[in-house]
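A.B. asks: One structure, as structure tokens, below. Some questions next.
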Amino acid sequence: MAKRRQLHLGAFMRPVSIHTAAWRYPGGTPDANFNLQAIVRYIQTLERAKFDAFFMADHLAVLNMPIEALKRSATVTSFDPLTLLPALAMVTKRIGLIATASTTFEPPYTIARRFASLDHISGGRAAWNIVSTSNPDAALNFGMTEQMPHAQRYERAREFYDVVTGLWDSWADDAFVRDVESGVFFDPAKLHVLGHKGENLSVRGPLNVARPVQGWPVIVQAGASEDGKQLAAETAEAVFTGGGSLADGQKLYADIKGRMDKVGRDPEHLKILPGAFVVVGDSVEEAKEKRALLDSRVHYDSAIASLSVQLGTDASGFDPDGQLPPIPETNASKSGRQRLVDVAARDKLTVRQLAQRVGGYGGLAFVGTPQTIADQMEEWLVSRGSDGFNIMFPFLPAGLDDFVDKVVPELQRRGI
């Protein structure tokens, strides 16, 4: 009998909640992104719940939105992932530690060294989320006047991956003999000098950190463009995707796994994990009330700016308490715009309510009881829409505790 498929669960924890208003929720932790004691409590709770990984995204710019929206954001300050994760390694034993690091701005030698160090410090639990950083505001913080073109960023990222993994192979596993009697510390025959000279990078090596415990830390990728999907198929062991409908998830799943076949990789060696925003209640109605209260805490300045971007048209003149008017055709994503129009009609949302939902978090959401949430997660797993999820908690600590104490036991009861 074939082994039943198992869900892989990561926790998206940078920011600790993706929702814009999480810091304003009653009983929440307004300073959670920069509160070490709180984050230690979160990761220890996640480890108790058998989560695969603690996932830290990153951004490299503050001034990336209008100041009237920016001043309401709780994510303007947070820890550097590769400074925080070694500290969290000291208070955990099994949970994976995923950090985002950009291939566009930093040298590959530095990235290789930091992840190899994290892997040793954690006993083999490090993972690198490869991003090429599209944000033009970040480029201004690294001596660039404009962002590198998309195709060039991904070309550099692919070469960057080859260099970093090559540096991790600088030393054989048994290179360090440390023979006290003879005075030989390492065997030169087991040292490899990379000597890379490519289109974008020139790195001699070797790395001044011993081979990582895992050989190579786990490789994670998060781009959904054609270049991003190809990079994932060639390099990644996990892919963090934006969550849309189940049909969208199945299409992306088949696309990336199909590309792996073509490059000679086993599709089972990569796990696709959409982001899923989860709000738990003892009834569906209670869960919806929690979501509505959370969305209501999104300030209209932030909300309407987000809605305008999603619709591809300026929504600031719409009646906040009226229904969404007809939206003209634009160059914005037609499927994304239609999804919002459909949601507004289905749930009878005012412009204000729709804006607050989009401004808080507008992606894949499971809002319901532990049973209904588990039903949806199982459907995605069985129908190959995903191999699991990166869970996004609506507010901390209660939203995390609800998932761990109520949803996880239900998933375990089902054997998934």
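The values are calculated or read from the model by the stated rules, or taken from the named source; none is laboratory data. Since the model is a prediction, treat every value here as computed from it, not as a measurement. Every residue, glycine among them, receives a Cβ derived from its backbone with ideal geometry; neighbour counts consider all protein chains shown. When the accessible area is computed, the model is the full protein with side chains, heavy atoms only, and any ligands, DNA or RNA have been set aside. Shrake-Rupley method; radii C 1.70, N 1.55, O 1.52, S 1.80 Å.
A.B. asks: Measuring with a 1.4 Å probe in the full set of protein chains, what accessible area per residue, in whole Å², belongs to region 138-188?
C.D. replies: Spelled out: the 1.4 Å probe surface of region 138-188, per residue, equals 57 Å².
A.B. asks: Find the relative contact order for region 128-287 and round it to a whole percent, using C-alpha pairs within less than 8 Å whose residues are 6+ positions apart.
C.D. replies: Here the relative contact order equals 18 percent.
A.B. asks: Right, here's the next one. Could you list, in their original order, any pairs among Lys190/Lys271; Lys71/Lys271; Lys3/Lys93; Lys71/Lys290 whose Cα atoms are separated by more than 29 Å?
C.D. replies: Cα-Cα > 29 Å for Lys190/Lys271; Lys71/Lys271; rest within.
A.B. asks: When the helices in the chain are scored as -39500 (n - 2.57) per DSSP H run of 4 or longer and the sum is shared across all residues, what 222 nm value do you end up with, to the nearest 500 deg cm²/dmol?
C.D. replies: -12000 deg cm²/dmol
A.B. asks: Would you please give the FRET efficiency between Phe185 and Asp282, computed as 1/(1 + (r/R0)^6) with r the Cβ-Cβ distance and R0 = 45 Å, to the nearest 0.05?
C.D. replies: 0.15
A.B. asks: Something else: Using a 1.4 angstrom probe on heavy atoms only, work out the carbon and sulfur share of the accessible area of region 1-141 in %.
C.D. replies: C and S fraction of accessible area: 57 percent.
A.B. asks: Let me ask something else. Enter the Cα centre distance for the pair region 345-372 and region 156-178, rounded to the nearest angstrom.
C.D. replies: Going from one Cα centre to the other spans 45 Å.
A.B. asks: Highest first, please rank the peptides 33-40, 82-89, 173-180, 387-394 by the mean number of other Cβ atoms sitting within 10 Å of their residues.
C.D. replies: So the order, starting with the most tightly packed, is 387-394, 82-89, 33-40, 173-180.
A.B. asks: Let me ask another. Can you grab the distance from the C-alpha centre of region 382-416 to the C-alpha centre of region 198-218, Å, no decimals?
C.D. replies: 35 Å
A.B. asks: Testing the spin-label approximation: label points 7 Å from Cα along Cα→Cβ at Val193 and Leu293. State their distance in nm.
C.D. replies: Inter-label distance under the simple model: 6.5 nm.
A.B. asks: When the accessible area of region 329-402 is computed with all protein chains present and a 1.4 Å probe, what percentage of it is carbon and sulfur?
C.D. replies: 49 percent
A.B. asks: Something else now. Can you compute the label reach from Val177? Point 7 Å from Cα along the Cβ direction, backbone N cut-off under 11 Å, restricted to region 189-218.
C.D. replies: Label zone hits: 189-190.
A.B. asks: Using a probe of 1.4 angstrom, how much of the accessible area of region 156-309 is carbon and sulfur, in percent?
C.D. replies: 52 percent
A.B. asks: Moving on. State, to one decimal in nm, how far the label point of Glu268 lies from the label point of Arg384, with both points 7 Å from Cα in the Cβ direction.
C.D. replies: Here the answer is 1.3 nm between the modelled labels.
A.B. asks: Shifting gears a bit: What number comes out for accessible area per residue over region 257-366 if the probe is 1.4 Å? Units Å², please.
C.D. replies: 50 Å²
A.B. asks: So if we plug the beta-carbon distance of Lys348 and Leu36 into 1/(1 + (r/R0)^6) with R0 = 56 Å, what FRET efficiency do we get, rounded to 0.05?
C.D. replies: In this case the efficiency is close to 0.80.
A.B. asks: Still on this structure: In terms of Cα to Cα distance under 19 Å, which lysines are near enough to Lys288, apart from those fewer than 8 places away along the same chain?
C.D. replies: Correct list for Lys288: Lys348, Lys406.
A.B. asks: As an exercise, identify the trypsin sites (Lys or Arg not before Pro) in region 72-137 lying in DSSP coil whose Cβ has no more than 14 other Cβ atoms within 10 Å.
C.D. replies: Filter output for region 72-137: Lys93, Arg94.
A.B. asks: Which order do peptides 200-208, 186-194, 55-63 fall in by mean Cβ count within 10 Å, highest first?
C.D. replies: In descending order of packing, they fall as 55-63, 200-208, 186-194.
A.B. asks: Another question about this same structure. Can you order the peptides 233-245, 265-277 by their average number of other Cβ atoms within 10 Å per residue, highest first?
C.D. replies: 233-245, 265-277
A.B. asks: Could you grab the relative contact order for the chain? Cα pairs under 8 Å, six or more apart, rounded to a whole percent.
C.D. replies: 21 percent
A.B. asks: How large is the accessible surface per residue of region 1-106, computed with a 1.4 Å probe and reported in Å² as a whole number?
C.D. replies: So region 1-106 comes to 48 Å² accessible per residue, rounded to a whole number.
A.B. asks: Further question on the same structure: Given (1) 45; (2) 34; (3) 30, which label gives percent of Cα pairs over 35 Å apart as computed from the coordinates?
C.D. replies: Checking each listed value against the structure points to (3).
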